[in-house]
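Before any comments, here is the structure.
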Amino acid sequence: MSSTADATTRSEHRTREYLVMLGVMVVLMVLEVAVALVPGHVRWTVVLLLVLALAQAVYFAFYTMHLSRETIALRRMAAAPGLIAAMYGLVLIAEAAWRHFR
Amino acid sequence: MTTAHAHVHPQITASWPPDAQFGRANPAKLAMWIFLLSDFLSFGGLLLAYGILRAGSAVWRYPGEPGLNIPFTSLLTLVLIGSSISVIVAHDAALQENRRRAVIWLGITALGGVLFLTGQYAEWIGILHPGLIKEGLVFGRSAYASTFYVITGFHGLHVTAGVIYLLAVLARSARGVGRAAEVELVALFWHFVDLVWNLVFVLVYLIPSGVP
């Protein structure tokens, strides 16, 4: 009897967890669309969109892909490609800025 | 007996001993992570190239080229987000050895993928209305058109592969030979496809609407 009750509680907990995940991802997506469609300063719109996209990607990796339950070594391994891409991006932006202002 | 077991991968079926570096992640899961990370670099390269072309263009969308349908693509994004949750439910059911529930939720996830691909077909080619190609967004005519088709096409190929992979795991689960670890691997791949779509959606669909 108690094991059945435990299973029901666990199931309810999991359902709540799924609904929270769905809610967070939908809210982030709606925010992204709202930021894109509402007229505003172009530069800040782009920055806000990039921040929201990054937040959603991190949320996806940590919670839906369960990276939060993995070891620190696996988390570092997963972060590496993103950091490499960001580094390339910074180098390219710096190079473009140098060409623009020299 | 040895030959009968030679084709089985005991490292997947057995409870993998905890490792100092990678905890309880088995080799199959680590291999999937390594594959996903290398695949992320492929997408990273495409998105960086897109950013460089976009930032360096005086004119991004030429007169006559259609804009992208944000409300429709938002719906497709919602479908993918929903399928990400359904694959988690499938994995959860597989862990509880509830085969029927796992099969149903894997099927719902695959259906989400098929819906997304149908939406992408409607966007490119057109179903009820003319698609982007007929409206004048022609591959090779501008950087805007080419990057759009290359990036969304590359992602579409991943969704197609994901649907096939989901159906293969579903078939194995339905026959009673599938394992929870297999559902976990396909779930990882499917989440990755969703994660990348979010980046594509923001960079390709949303930013052009705000930048001239």
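If only one of A:LEU49, A:LEU74, A:LEU90 is assigned to a helix (DSSP H, G or I), more than 26 Å from B:LEU188 (Cα to Cα) and not basic (Lys, Arg), which one is it?
Checking each option against the conditions leaves just A:LEU90.
Would you confirm whether any residue within segment B:60-67 is in contact (Cβ under 8 Å) with a residue 12 or more places away in the chain and within 11 Å of another protein chain (Cβ to nearest Cβ)?
Step one: list which residues in segment B:60-67 are in contact (Cβ under 8 Å) with a residue 12 or more places away in the chain, which gives B:60-62, B:64-67.
Applying the additional criterion that residues be within 11 Å of another protein chain (Cβ to nearest Cβ) yields none.
No: zero hits.
Could you please find all residues in segment A:68-102 being within 8 Å of chain B (Cβ to nearest Cβ) and over 17 Å from B:ASP39 (Cα atoms)?
A:GLU70, A:THR71, A:ALA73, A:GLY89, A:LEU92, A:ALA96
Kindly list the number of the only condition in (1) more than 11 Å from every other protein chain (Cβ to nearest Cβ); (2) closer than 22 Å to A:VAL27 by Cβ; (3) in contact with a helix residue (DSSP H, G or I) (Cβ under 6 Å, 6 or more places away or on another chain) that fails for B:LEU137.
(2)
Condition (residue is more than 7 Å from every other protein chain (Cβ to nearest Cβ) and surrounded by fewer than 16 Cβ atoms within 10 Å (Cβ to Cβ)) applied to segment B:47-54: is it met by at least one residue?
Yes, segment B:47-54 has at least one match.
Checking the structure you have, find out if any residue of segment B:112-131 is at pLDDT below 95 and open to solvent by less than 10 Å² (accessible area, probe 1.4 Å).
Looking for residues that are at pLDDT below 95 and open to solvent by less than 10 Å² (accessible area, probe 1.4 Å), one finds at least one in segment B:112-131, hence yes.
Considering segment B:139-160 alone, what residues qualify as being open to solvent by less than 50 Å² (accessible area, probe 1.4 Å) and aliphatic (A, V, I, L, M)?
We begin by selecting, within segment B:139-160, every residue open to solvent by less than 50 Å² (accessible area, probe 1.4 Å); these are B:142-149, B:151-153, B:155-156, B:158-159.
Result: B:ALA143, B:ALA145, B:ILE151, B:VAL159.
Output the residues belonging to segment B:113-147 that are among the β-branched types (Val, Ile, Thr) and within 21 Å of B:LEU75 (Cβ to Cβ).
The answer is B:VAL114, B:THR118, B:ILE125, B:ILE127, B:ILE133.
Filter segment B:25-46 down to the residues that are more than 8 Å from chain A (Cβ to nearest Cβ) and not in a helix (DSSP H, G or I) and list them by number.
B:ASN26, the sole residue that qualifies.
From the list B:ILE108, B:ILE70, B:ILE81, exactly one residue is open to solvent by 30 Å² or more (accessible area, probe 1.4 Å), of a type in the set (Val, Ile, Thr), touching a residue at least 24 places away in the same chain (Cβ under 8 Å) and within 14 Å of chain A (Cβ to nearest Cβ). Which is it?
So the residue among B:ILE108, B:ILE70, B:ILE81 that is open to solvent by 30 Å² or more (accessible area, probe 1.4 Å), of a type in the set (Val, Ile, Thr), touching a residue at least 24 places away in the same chain (Cβ under 8 Å) and within 14 Å of chain A (Cβ to nearest Cβ) is B:ILE108.
Can you work out which of the residues in segment A:54-98 that are aromatic (Phe, Trp, Tyr) and open to solvent by 20 Å² or more (accessible area, probe 1.4 Å) is farthest from B:VAL183 (Cα to Cα)?
The first filter runs over segment A:54-98 and keeps only residues aromatic (Phe, Trp, Tyr), leaving A:59-60, A:62-63, A:88, A:98.
Checking the rest, the ones that are also open to solvent by 20 Å² or more (accessible area, probe 1.4 Å) come to A:59, A:62-63, A:88, A:98.
On the way: A:TYR59: 21, A:PHE62: 18, A:TYR63: 17, A:TYR88: 34, A:TRP98: 49 Å.
Ranking the qualifying residues of segment A:54-98, first place goes to A:TRP98.
Looking only at segment A:38-67, which residues are of a type in the set (D, E, K, R) and facing another protein chain (nearest Cβ under 7 Å)?
Within segment A:38-67, no residue meets the criteria.
Which of the residues spanning segment B:142-179 are outside any helix (DSSP H, G or I) and in contact (Cβ under 8 Å) with a residue 60 or more places away in the chain?
Across segment B:142-179, the qualifying residues are B:SER142, B:GLY176, B:GLY178, B:ARG179.
The values are calculated or read from the model by the stated rules, or taken from the named source; none is laboratory data. Since the model is a prediction, treat every value here as computed from it, not as a measurement. Cβ coordinates were reconstructed from backbone atoms using ideal geometry, including for glycine residues, and neighbour counts include every protein chain displayed. Accessible surface areas use protein heavy atoms only, side chains included; no ligands, DNA or RNA. Shrake-Rupley method; radii C 1.70, N 1.55, O 1.52, S 1.80 Å.
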